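Student: Sharing a structure here in structure tokens format.
The values are calculated or read from the model by the stated rules, or taken from the named source; none is laboratory data. All values reported here derive from a predicted model rather than from experimental measurement. When we count neighbours, we look across all protein chains shown, and the Cβ atoms used for this are built from the backbone with ideal geometry, even at glycine. Surface accessibility is based on the protein's heavy atoms, side chains included, excluding ligands, DNA and RNA. Shrake-Rupley method; radii C 1.70, N 1.55, O 1.52, S 1.80 Å.
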Amino acid sequence: GVLEHLAIKKGKDETLFDWDIHGWMLWTEKEKGLGRLVKKLCAAHLYQVGDWPAAAAGLDQYMGHTWPEYECFRDIIFWWKYFLCTDLNVFPATKDYIPMHAYLKWNVADEQNAFGSAPNRGKVFQLSALGKEHLMTTGQNWPHPANRPKPKATGLRWPSAAQASQYTKQPVRTEDDLLYMRSLPTFNETLRAADSEALLSFLTVPYIRTPLVLAFFTTADRVNCLFEPALQKILHAVILEPGRLLAPKRWGESPTTIPAVSTQELELVGTPYGQLLTELACAPSCICAYMAKLVELTLVLANSAMSQTVNLILFVARLAARVESSIALLMHHADGKLKSGGPLPGALPMTPQALAELRAGRKRLRKLFVEVDSWLDTWLEELHDLAQKAMQRAKDEEDEGDADDAQSMIDEYMRRCCNIHAHVLLMLRNISEDELEETHVSRLLCSLSFLSLHHTWNADHLDMPEPEIFEVYHHHRRGIVRWFERQQQHREYRRFNKCLQEVHSQFATIDSANAMDTAQFEWGAIGGDKHNAGRYCVVGPARSTAEKGDIVIAKSEDTAWVELNVQLMQVTVRGRHVTPLENDTAGDKDFQDVMRLGEGSQSSETVQCAALLTTNLVHLRELLSHPYRTTRWTDMPWTMLPYLGDYDRLYDIEDLEEHEAWIPELFEPVRLKFFTVPTVQKDILFFMREETHRDASMVVIAGVHPDCRGKIWKEVLVFRDLRMVQVFRIVGYGWQQYRTFEYTTDARYALAESQPSVQDRDEP
């Protein structure tokens, strides 16, 4: 369909909305295709249309009434075309929109009125939506001629990193342009002038640049140059950018002069399916050898997980994995394994020798990927150890700032682990179903589970596009399910459980020092109909370590503690989706003591759980990595405090009876210290019962809440014989009220541990 569209666009007046070839100005007189469509529609109804742009914009109501679907199709096609504009300045600001903001309002106006400034060269379509009077204005220097769109001369929204002109002060078309330049870029002193000239000259010949640039970097002295991000972008673009497309009807043609000069011959300097596929189909040994050599050279630099060499090795690994994807595509095409799609006949002819070279090249790359995987595992283990040490430091440090720094480091380790797990998936992208083994299935599911539980999506934390991860998952999803089904059929008890137990171990975070031994649990398959294929759950404690045995089939209606759905790559606990544990629960001291976490660890990435119950009163969560449940009740508002009831006499020294004289003697120092201004914003009122027994050895005094008169907030117990005062606060948990100890004047008789100050004191 894309090839047919491009072929049609070379015809005259055949396509709608040809704004990309007219500077995105939306000229009405140059929109020949839309004009022809409107005129033909009206002619079919014998309607003589005079001003067709007005009819197309809906200003003439005849079009909308006669063909109600016309405006819908017109607006849909416009939005698709609008977002292809190569001038990013025409797009509105990023913010929250509602569907109503996208309703298009069409109009036909003079250029000067539509763009707010001269010149006025004719009529244009003016479209209002998304808060803009005209969608094609750039919003710069309003009103000014610069407010008009300025698409890139290359026709690309983002310039190619493989163009030499991106790195020089002057345009570069041929190698001669470089020879006459007085200075050349050194890429932050990474390349010498001679090396820079050689590299940029290779970029001027796009049809043969791939082997030249690969040969340039695959030397022991130049592989270190790839630490420079700009050079990484060049190598990435040279290998993976497809270049100019060669239309199918011109596959048999070739330029008659070298170099090609005319426009028609320049169009022939292209490829049917991109330069990489063409190189691999025609001369695979060169590309495969260079890629393998590049991987070998970078692996020599492998070091610690926190070193700078990690980014370089991951970059080369991504590049090699994507080259392997192209190799696998050509091999499957040659073997007839592509069920649908694939290159058209005659596009990528391959000889038996080229196919044999492809197989040998892929075999060599797969052997190197084993070494890459070993380094990835080493780095994951190192990051796990670093996270545990950081958590221990956060626990030992008394300074809150140091604890926050340790938590920031743990989050950084987590992001690095997620990035490495993404590369583990990419390394396994091209494993066929016939090649799937236990280690492959385990690594795929472990990395996918780790990312699904711990990665923050849409935050640009990975070195690869996130859709590429989903592509890898869907590529292997059916194969993984069928692998588990084979284990069930052959009664491979140990292999089945070992794989899922390793996946279970990924549910805990990297800073969990007391991670549970997942080998203690036994996994089974969820039975029932065919819709349950790919669903596995923990069925209880491990029964055996035998190699062979029947796999437990759980009932589909039972709610398992932990379930892994391979079809959806979804982990659930008690049938609930997994979410991060709330900060208030994760930061609670009791929770940290039970889980042995560092004090002050309140990162939402620390603990994963399932929300079993969420109401305005209570949050019930079940942890994923430990068989625990947490129940956290919301704080009870002060309006729910108990009423004063029998406490109807205001505490006042002057109103006390003679036999109550001992009460202020003990209580007044405490009241004046803690319950009067300026310690509190306003004095706290206290109430007593109407009568006090003459022989009473203890009296209860109730303090009311300052914002809610009539509700008991504090209860003060005054002991005559012990010469002591105790203060309790009324709190609520589970929406039940109880007293909690706050203060005493004599810690010897307190029922709660209370260490008094050992310094000299004149006040209680």
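Student: Could you run through the range 90-134 and say how many residues are touching a helix residue (DSSP H, G or I) at 6+ places or on another chain (Cβ under 9 Å), modelled with pLDDT of 90 or more and within 13 Å of residue 24 (Cα to Cα)?
Tutor: Number of matching residues: 7.
Student: A follow-up question, please. Regarding the range 288-297, can at least one residue be identified that is among the aromatic types (Phe, Trp, Tyr), open to solvent by 40 Å² or more (accessible area, probe 1.4 Å), outside any helix (DSSP H, G or I) and touching a residue at least 60 places away in the same chain (Cβ under 8 Å)?
Tutor: Applying the first criterion (among the aromatic types (Phe, Trp, Tyr)) to the range 288-297 yields 290.
Filter once more, so that each one left must be open to solvent by 40 Å² or more (accessible area, probe 1.4 Å): 290.
Remaining after also requiring outside any helix (DSSP H, G or I): none.
No, the range 288-297 contains no residue that is among the aromatic types (Phe, Trp, Tyr), open to solvent by 40 Å² or more (accessible area, probe 1.4 Å), outside any helix (DSSP H, G or I) and touching a residue at least 60 places away in the same chain (Cβ under 8 Å).
Student: On to the next question. Please pick out the residue among 229, 284, 242 that is surrounded by 19 or more Cβ atoms within 10 Å (Cβ to Cβ), closer than 22 Å to residue 319 by Cα and not aliphatic (A, V, I, L, M).
Tutor: Being surrounded by 19 or more Cβ atoms within 10 Å (Cβ to Cβ), closer than 22 Å to residue 319 by Cα and not aliphatic (A, V, I, L, M) holds for just one of 229, 284, 242, which is 284.
Student: Any idea which of (1) open to solvent by 30 Å² or more (accessible area, probe 1.4 Å); (2) more than 18 Å from residue 130 (Cα to Cα) is the one residue 80 doesn't satisfy?
Tutor: Condition (2) is where residue 80 drops out.
Student: For residue 268, are the conditions met, namely being over 29 Å from residue 292 (Cβ atoms) and either at pLDDT 95 or above or surrounded by 17 or more Cβ atoms within 10 Å (Cβ to Cβ) (or both)? Walk me through it before giving the result.
Tutor: On the way: over 29 Å from residue 292 (Cβ atoms): yes; either at pLDDT 95 or above or surrounded by 17 or more Cβ atoms within 10 Å (Cβ to Cβ) (or both): yes.
Taking the combined requirement at face value, the residue satisfies it.
Student: While we're on this one: Based on this model, can you work out whether residue 279 counts as open to solvent by 10 Å² or more (accessible area, probe 1.4 Å), touching a residue at least 40 places away in the same chain (Cβ under 8 Å) and of a type outside the set (Ser, Thr, Tyr)? Break it down into steps so the answer makes sense when it comes.
Tutor: Values: open to solvent by 10 Å² or more (accessible area, probe 1.4 Å): yes; touching a residue at least 40 places away in the same chain (Cβ under 8 Å): yes; of a type outside the set (Ser, Thr, Tyr): yes.
When the stated conditions are applied, residue 279 passes them.
Student: Taking the options 758, 718, name whichever one is at pLDDT 95 or above and farther than 30 Å from residue 617 by Cα.
Tutor: Numbers: 758 fails: at pLDDT 95 or above.
Just a single option satisfies the conditions, and that option is 718.
Student: Taking residue 320 and the conditions (1) open to solvent by 10 Å² or more (accessible area, probe 1.4 Å); (2) free of Cβ contacts under 8 Å to residues at least 60 places away in the same chain; (3) under 16 Å from residue 369 (Cβ atoms), which numbered condition does it fall short on, given that it satisfies the others?
Tutor: (1)
Student: Would the range 136-145 turn up any residue that is at pLDDT 90 or above and either of a type in the set (A, V, I, L, M) or open to solvent by 20 Å² or more (accessible area, probe 1.4 Å) (or both)?
Tutor: yes
Student: Kindly provide the set of residues from the range 432-451 that are surrounded by fewer than 22 Cβ atoms within 10 Å (Cβ to Cβ) and aliphatic (A, V, I, L, M), ordered by number.
Tutor: 436
Student: State yes or no: is residue 188 among the polar types (S, T, N, Q) and either modelled with pLDDT of 85 or more or under 31 Å from the mean Cα position of the chain (by Cα) (or both)?
Tutor: Numbers: among the polar types (S, T, N, Q): yes; either modelled with pLDDT of 85 or more or under 31 Å from the mean Cα position of the chain (by Cα) (or both): yes.
Criteria met by residue 188.
Student: Considering only residues that are under 14 Å from residue 344 (Cα atoms) and open to solvent by 70 Å² or more (accessible area, probe 1.4 Å), which ones fall in the range 246-265? Walk me through how you get there before you give the answer.
Tutor: We begin by selecting, within the range 246-265, every residue under 14 Å from residue 344 (Cα atoms); these are 246-252.
Across the range 246-265, the qualifying residues are 249, 252.
Student: Checking residue 513 against (1) at pLDDT below 90; (2) out of contact with any Ser or Thr (no Cβ under 6 Å at 6 or more places or on another chain); (3) surrounded by 17 or more Cβ atoms within 10 Å (Cβ to Cβ); (4) hydrophobic (A, V, I, L, M, F, W, C), only one condition comes out false. Which one?
Tutor: (3)
Student: Hey, another quick one. In the set 406, 394, which member is in contact (Cβ under 8 Å) with a residue 60 or more places away in the chain and farther than 27 Å from residue 463 by Cβ?
Tutor: Details: 406 fails: farther than 27 Å from residue 463 by Cβ.
Answer to the selection: 394.
Student: Could you list, in sequence order, the residues of the range 92-110 that are part of a loop (DSSP other than H, G, I, E, B), under 9 Å from residue 130 (Cβ atoms) and open to solvent by less than 50 Å² (accessible area, probe 1.4 Å)?
Tutor: 92
Student: Still on this model: Given the range 656-730, what strands (runs of 3 or more DSSP E) lie entirely inside it while holding 2 or more residues that are among the β-branched types (Val, Ile, Thr) and surrounded by 18 or more Cβ atoms within 10 Å (Cβ to Cβ)?
Tutor: Working: elements: 686-688, 698-705, 708-719.
In the range 656-730, the matching strands (runs of 3 or more DSSP E) lie at 698-705, 708-719.
Student: Here is a follow-up. Go through (1) assigned to a helix (DSSP H, G or I); (2) at pLDDT below 95 and name the single condition residue 307 misses.
Tutor: (1)
Student: Give just the number: which of (1) assigned to a loop (DSSP other than H, G, I, E, B); (2) open to solvent by less than 20 Å² (accessible area, probe 1.4 Å); (3) modelled with pLDDT under 85; (4) not charged (D, E, K, R) does residue 609 not satisfy?
Tutor: (1)
Student: Continuing with this model, one more query. Please work out if residue 390 is at pLDDT below 85, surrounded by 20 or more Cβ atoms within 10 Å (Cβ to Cβ) and of a type outside the set (Asp, Glu). Break it down into steps so the answer makes sense when it comes.
Tutor: Details: at pLDDT below 85: yes; surrounded by 20 or more Cβ atoms within 10 Å (Cβ to Cβ): yes; of a type outside the set (Asp, Glu): yes.
It is true that residue 390 is at pLDDT below 85, surrounded by 20 or more Cβ atoms within 10 Å (Cβ to Cβ) and of a type outside the set (Asp, Glu).
Student: For the range 491-499, state whether one or more residues are at pLDDT 85 or above, surrounded by fewer than 20 Cβ atoms within 10 Å (Cβ to Cβ) and under 28 Å from residue 382 (Cβ atoms).
Tutor: Looking for residues that are at pLDDT 85 or above, surrounded by fewer than 20 Cβ atoms within 10 Å (Cβ to Cβ) and under 28 Å from residue 382 (Cβ atoms), one finds at least one in the range 491-499, hence yes.
Student: I need the full set of residues from the range 167-182 which are of a type in the set (A, V, I, L, M, F, W, C) and either at pLDDT below 85 or surrounded by fewer than 12 Cβ atoms within 10 Å (Cβ to Cβ) (or both), in order please. I'd like the intermediate steps shown before the answer.
Tutor: Filtering the range 167-182 for residues of a type in the set (A, V, I, L, M, F, W, C) gives 172, 178-179, 181.
Result: 179, single match.
Student: Scan the range 733-743 and give yes if some residue there is without any contact (Cβ under 8 Å) to a residue 40 or more places away in the chain, open to solvent by 20 Å² or more (accessible area, probe 1.4 Å), more than 28 Å from residue 634 (Cα to Cα) and of a type in the set (Phe, Trp, Tyr), otherwise no.
Tutor: Taking every residue of the range 733-743 in turn, none turns out to be without any contact (Cβ under 8 Å) to a residue 40 or more places away in the chain, open to solvent by 20 Å² or more (accessible area, probe 1.4 Å), more than 28 Å from residue 634 (Cα to Cα) and of a type in the set (Phe, Trp, Tyr).
Student: Keeping to the range 324-349, report how many residues are open to solvent by 50 Å² or more (accessible area, probe 1.4 Å) and touching a residue at least 60 places away in the same chain (Cβ under 8 Å).
Tutor: Matching residues across the range 324-349 total 3.
Student: Taking the range 204-226, which residues are part of a helix (DSSP H, G or I) and either within 18 Å of residue 286 (Cα to Cα) or open to solvent by less than 30 Å² (accessible area, probe 1.4 Å) (or both)?
Tutor: Taking the range 204-226 as the starting set, the residues that turn out to be part of a helix (DSSP H, G or I) are 209-217, 223-226.
Selection gives 209, 210, 211, 212, 213, 214, 215, 216, 217, 223, 225, 226.
Student: Across the range 669-682, what is the total count of residues that are free of Cβ contacts under 8 Å to residues at least 60 places away in the same chain, in contact with a Pro (Cβ under 9 Å, 6 or more places away or on another chain) and closer than 20 Å to residue 699 by Cβ? Give the steps one after another, and end with the answer.
Tutor: Going residue by residue through the range 669-682, those that are free of Cβ contacts under 8 Å to residues at least 60 places away in the same chain are 671-672, 675-682.
Still in the running and in contact with a Pro (Cβ under 9 Å, 6 or more places away or on another chain): 671, 680-682.
If we keep only those that are closer than 20 Å to residue 699 by Cβ as well, we get 671.
Final tally of qualifying residues: 1.
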